[in-house]
Structure formats: C-alpha cells, structure tokens
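**Student:** So that we are looking at the same thing, I have put the structure below in structure tokens.
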Amino acid sequence: MRNIQLGKSGLNSSRFIYGCMRITGDNSSADRAKGKLALRTAIEAGYNHFDHADIYAGGLSESLFAEVLKESPGLREQLIITSKAGIRIEDTPNPGDPKCYDFSRDYLVNSVDGILKRLEIETLDMFLLHRPDYLFNAAEVADTLMQLHSAGKVKHFGVSNFTPSQVSLLQSALPLPLMVNQVEINIHNINSFTDGTLDQCQQLGITPVAWCPLGGVAYSAWGNTFSAADEQRIENELTLQVEKYQCQSWQVILAWLLKHPAQIFPIIGSTTPERILAAKHSLELDYSREDWYRLLEARNGEPVP
Ligand SMILES: NC(=O)c1ccc[n+]([C@@H]2O[C@H](COP(=O)([O-])OP(=O)(O)OC[C@H]3O[C@@H](n4cnc5c(N)ncnc54)[C@H](OP(=O)(O)O)[C@@H]3O)[C@@H](O)[C@H]2O)c1
C-alpha cells in the first residue's frame, strides 16, 4: 500500500482509506464477525486509516471497531482514526424533532465525547464535520474545534460534503489548517471536478477523500441516474481498458480517480476480503491520460469541447 501525507497534518495515510459504514451489517453475530474479518483484512493489507461517523449503525460501527482494537494491543498507535458528526437523526433529542444538521458547540462537543467513548480511545486523529449545517456560524464552529483540540480530544480537523466557499469560510475563522474534504467522487458524480472542490484542494493542500468511489457503475448506489445507453457506452470503454490493463472494471474506475493530480484518497467500503485486497492493484496500473479522457468521453456521451 502506498502512503501519502494527509493535507498538512504530518499523518502518513494509506492511499486507500477503509470505510466502516457497513461493518456491522444487520448487527447479527455473523455480520459482526464478517465486519471484524474485513477490518483485520484491511489492516493486514496495509490500510492504516479508518473512516467512521457517529451515525454509522447508530454508533455500533465505532463500538465494533473498539473490539478489534482491544483484541490487538498496540494496534491503535499504528492507525489513523477519523470520525464525523454534525448530522442529527430525526426524533433526537426529542420525539418529533426533524432530521437536521447541527454544528452548535454543545452538540459537537457531546458528539466527540460519544465517539471517543464508543471507540474507547483518548484522542481522535481526525474529526470531520459530516455535512454543512446551513445555520453554521464560522467563528463559533472554529472556536468549538479549537476547544476540542486544546482539550486533547482531536488532533486534526476536516470537513465533508462542503462546497469550496464553505471550506473558505470555515478556514478563514480557524487557526488550524483543514486537512480533508470528504465528498462523493465517482464516474457518476464528477461535480468536484468542475465546482472548484478539487482546485481548492490542490491550492490549499487539502486532501480530497472520495466516498462511494465506485458509485453508479460497478454496482447501483446513491441514485445512479445514468441511462441504459450511458451505462452501455461506459461498459464498452471499460471492457477495452480491462483488456488493456489486465484487471477488473472497478479497478480501472479506481485508477481513474487516482490519476487526478489533487491526489484523491478513495474510501473502500467493501466488506468482502477479496475486494479489500484487490483494490490495491489499481495503485499499480500505469493509467494513461488518453484512457482517462476516453472514459470521460464515454461517461459524457461526447468528446470534450
Ligand atoms: N461523508 C459522507 O457523506 C459519506 C457518505 C457515504 C459513505 N461514506 C464513507 O465512504 C465509505 C465507502 O462508501 P460505500 O460503502 O458506499 O462505498 P463502496 O466502497 O463503493 O461499497 C459499497 C457497496 O458496494 C459493494 N461493492 C464494493 N466494491 C464492489 C465491487 N468491486 N463490485 C461489486 N460490489 C462492490 C460493497 O459490497 P460488499 O461489502 O459485499 O463487497 C458495498 O455494499 C463508507 O464506508 C463511509 O466510510 C461517507
């Protein structure tokens, strides 16, 4: 596994981050065992960075992760642990409350305390604001993050699903550099290529992290809006590239993301050991500019202007 510095953090993260959103499955003992095996496979394969959120399986993903940490003394120090908060599910704290985003001081501080308790660790390596709270006050949020940092609860900060202007706003009030913007990036959703997100990441040295990196093609997820004709064109191009690079189509799709000079870190969320291991092969592909544009053209249905 190749490692690169995350933002300006000094943290040496594996290029693939392992996503813990699905590790508990339906929370049956069989699914939990499968999740633990996925985590151990990822660790053995060289993934050293694990992505959580307080809302994944209602906190159970973090608790399951804590079990794996406890089973291997010394493991925690070898890993980068990220978690996120800021999304309040409906009916919390009171029945009838709507689902909302909440960056208020009390909410974020309590959320981080809950994360640390479930993970059974003292300090989070990275804390991300999960989705931008429409009502966020940059000065107040920056102050809250500094409070979490001073208390030794969080080492580094980042954001998720923020627009470039929201990143700029928060960064303008925050004395510490934001390390990460975690957004959806895949062959289906390339908004970050054109909305300034990846430009800003390059400019400010923020690491773009791609959630759902295979979305929409290798499997159906998160509202694939491609038509059958779009899918066929992409599949035809992928078939040619699979032949050329001697790999699987989803490995080509990962290579397509890795090619971007902003140095996108894909999050791998598969719980299948073979896939967790095989993802690494995409790091070895000498993926060409021409093939990058061929796949873009297949996606768009027309050549670039
Ligand atoms: N910040 C955010 O708003 C946000 C939103 C969503 C997700 N995330 C993060 O991103 C991580 C990854 O997201 P994700 O789990 O949606 O994406 P993913 O890694 O693309 O995996 C999602 C699903 O696709 C299947 N899959 C994976 N690779 C496959 C392949 N090669 N062929 C066929 N099926 C395949 C997996 O099934 P198997 O398990 O059976 O292999 C899994 O059910 C999450 O764990 C979470 O950490 C963040």
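The values are calculated or read from the model by the stated rules, or taken from the named source; none is laboratory data. These figures come from a predicted structure and were not determined experimentally. No Cβ is skipped: glycine too gets one built from the backbone with ideal geometry, and neighbour counts run over all protein chains shown. Accessible surface areas use protein heavy atoms only, side chains included; no ligands, DNA or RNA. Shrake-Rupley method; radii C 1.70, N 1.55, O 1.52, S 1.80 Å.
**Student:** List, in order, the whole-Hz ³J(HN,Hα) value for each residue of segment 263-271 obtained from phi through the Karplus relation with A = 6.51, B = -1.76, C = 1.60 and θ = phi - 60°; use x for Gly and Pro.
**Tutor:** Running phi through 6.51 cos²θ - 1.76 cosθ + 1.60 with θ = phi - 60° gives 6, 5, 9, x, 9, 8, x, 5, 9 Hz.
**Student:** Calculated FRET efficiency, residue 143 and residue 204, Cβ-Cβ r, R0 22 Å, to nearest 0.05?
**Tutor:** 0.55
**Student:** So how far, in whole Å, is the C-alpha centre of segment 255-305 from the one of segment 26-70?
**Tutor:** Centre-to-centre (Cα) distance: 25 Å.
**Student:** Short version: what are the Cα gyration tensor semi-axes of segment 1-117, square root of 5 times each eigenvalue, largest first, in whole Å?
**Tutor:** In descending order the semi-axes read 27, 19, 12 Å.
**Student:** Can you tell me which of 274-287, 174-187 comes out highest on packing, and rank the rest after it, using the mean Cβ neighbours within 10 Å?
**Tutor:** Highest mean packing first, the order is 174-187, 274-287.
**Student:** If you take the beta carbon distance between residue 235 and residue 288 as r and set R0 to 25 Å, what does 1/(1 + (r/R0)^6) give as a FRET efficiency, to the nearest 0.05?
**Tutor:** After rounding to 0.05, the efficiency reads 0.80.
**Student:** Let me ask something else about it. Run through the DSSP bridge list for the chain and note the antiparallel percent, rounded to the nearest 5.
**Tutor:** Looking only at bridges with both residues in the chain, the antiparallel portion is about 15 percent.
**Student:** Under a crude label model (7 Å from the Cα following the beta-carbon direction), how far is residue 66 from residue 106 in nanometres?
**Tutor:** It is 2.4 nm.
**Student:** Along Cα→Cβ, 7 Å out, is where each label goes; now give me the distance between the ones at residue 123 and residue 300 in nm to one decimal.
**Tutor:** 4.6 nm
**Student:** Roughly what % antiparallel, to the nearest 5, for the DSSP beta bridges in segment 1-153?
**Tutor:** Beta bridges within segment 1-153, antiparallel portion: roughly 35 percent.
**Student:** For residue 212, tell me the accessible area in Å² from a 1.4 Å probe, rounded to the nearest 10.
**Tutor:** In the full protein context, residue 212 sits at about 20 Å².
**Student:** A further question on this structure: When we measure straight from the Cα of residue 99, which aspartates and glutamates land under 19 angstrom away, once same-chain ones fewer than 8 places off are left out?
**Tutor:** 54, 90, 91, 133
**Student:** Contour minus end-to-end for residue 26 and residue 1, with contour as 0.36 nm per residue of separation and end-to-end as the Cα-Cα distance?
**Tutor:** Result for the pair: 6.0 nm of gain on full extension.
**Student:** On the protein heavy atoms, probe 1.4 angstrom, tell me the percent of accessible surface of the chain carried by carbon and sulfur.
**Tutor:** 50 percent
**Student:** Return a whole-number percent for the relative contact order of the chain, with Cα pairs under 8 Å and 6 or more residues apart as the contact set.
**Tutor:** 17 percent
**Student:** Between the DSSP loop rule and a limit of at most 14 other Cβ atoms within 10 Å, which GluC sites (Glu not before Pro) in segment 1-103 are left?
**Tutor:** 90
**Student:** OK, next. Excluding ligands, DNA and RNA, what is the solvent-accessible area per residue of the chain at a probe of 1.4 Å, expressed in Å²?
**Tutor:** With all protein chains present, the chain gives 45 Å² per residue.
**Student:** Any chance you could list P(r) for the chain, counting all Cα-Cα pairs in 10 angstrom bins from zero, rounded to whole %?
**Tutor:** Whole-percent P(r) values from 0 Å outward: 6, 27, 35, 24, 8, 1.
**Student:** Related question: In the structure shown, do any of 84/155; 34/244; 36/155; 8/155; 8/259; 155/280 have a Cα-Cα gap over 24 Å, and if so which?
**Tutor:** Too far apart for the 24 Å limit: 34/244; 36/155; 155/280.
**Student:** Using a 1.4 angstrom probe on the protein heavy atoms only, line up 165, 72 by accessible area, largest first.
**Tutor:** 165, 72
**Student:** Which length gain, in nm to one decimal place, applies between residue 134 and residue 89 when the Cα-Cα distance is subtracted from 0.36 nm times their residue separation?
**Tutor:** 14.6 nm
**Student:** As a test question: what accessible area, to the nearest 10 Å², does residue 299 have when a 1.4 Å probe is rolled over all protein chains in place?
**Tutor:** 50 Å²
**Student:** Amide H neighbours of residue 156 under 5 Å, at least 5 residues apart or on other chains, H built in the peptide plane: list them.
**Tutor:** Hits under the 5 Å cutoff: 126, 127.
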